[in-house]
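Since the structure comes first, as structure tokens, the remarks are kept for the end.
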Amino acid sequence: MNEMIKTETDLIAAAESQNKLGQLISPLMREIYLFDSYVAGTFHLEDKSVLDEVKAGDKLLLRREDNKFDSNAILILTQDGRKLGYVPEKDNIVFARLMDAGKALFAKIKGIEIKGSFHKISVGIFLEDF
């Protein structure tokens, strides 16, 4: 079997295996920094215990939300899916458009300031590019 066919067969086999797919794609992924923002709505969380569990450097999930108050709403969630808040309305229109077009975005906590019962969580927003 010539080397090109063997390599192509190996790549196909790796792609078909879910465990190996991440290994195959991981070296191709790039994190592209887009913007600094903060987590809005932390004061209104039902489960405020999440605020004590997050820390600088944590990677956060971003998910579009069907929201009657903001058609561009983007939820910010912890890695285990707990609600932390939202991308502020003033910042979310471009990110919502990117996500609606199928782009993968995420956030990373840059810092946390606690002022009384208020938590100001600064985040960087990133595009995960392949």
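Each value in this text was obtained by applying a stated rule to the coordinates, not by laboratory testing. Everything numeric here is computed off the predicted structure, so don't read it as measured data. Quick reminder, even Gly has a Cβ in these numbers, built from the backbone with ideal geometry, and neighbours come from all protein chains shown.
Residue pairs whose Cβ atoms lie under 8 Å apart, separated by 6 or more positions or on different chains, with the first residue in region 62-87 and buried (at least 17 other Cβ atoms within 10 Å of the Cβ) and the second of a type in the set (Ser, Thr, Tyr) and in a loop (DSSP other than H, G, I, E, B), are Leu84/Thr78. Looking only at region 88-130, residues that are crowded, with 17+ Cβ neighbours inside 10 Å, among the aromatic types (Phe, Trp, Tyr) and either part of a strand (DSSP E or B) or in contact with a Cys (Cβ under 6 Å, 6 or more places away or on another chain) (or both) come to 2 in all. Residues in region 104-130 that are out of contact with any Lys or Arg (no Cβ under 9 Å at 6 or more places or on another chain), without any contact (Cβ under 8 Å) to a residue 60 or more places away in the chain and more than 17 Å from Lys59 (Cα to Cα): Lys115, Gly116.
Summed over region 35-86, the residues that are within 13 Å of the chain's Cα centre (by Cα) and among the acidic types (Asp, Glu) give a count of 2.
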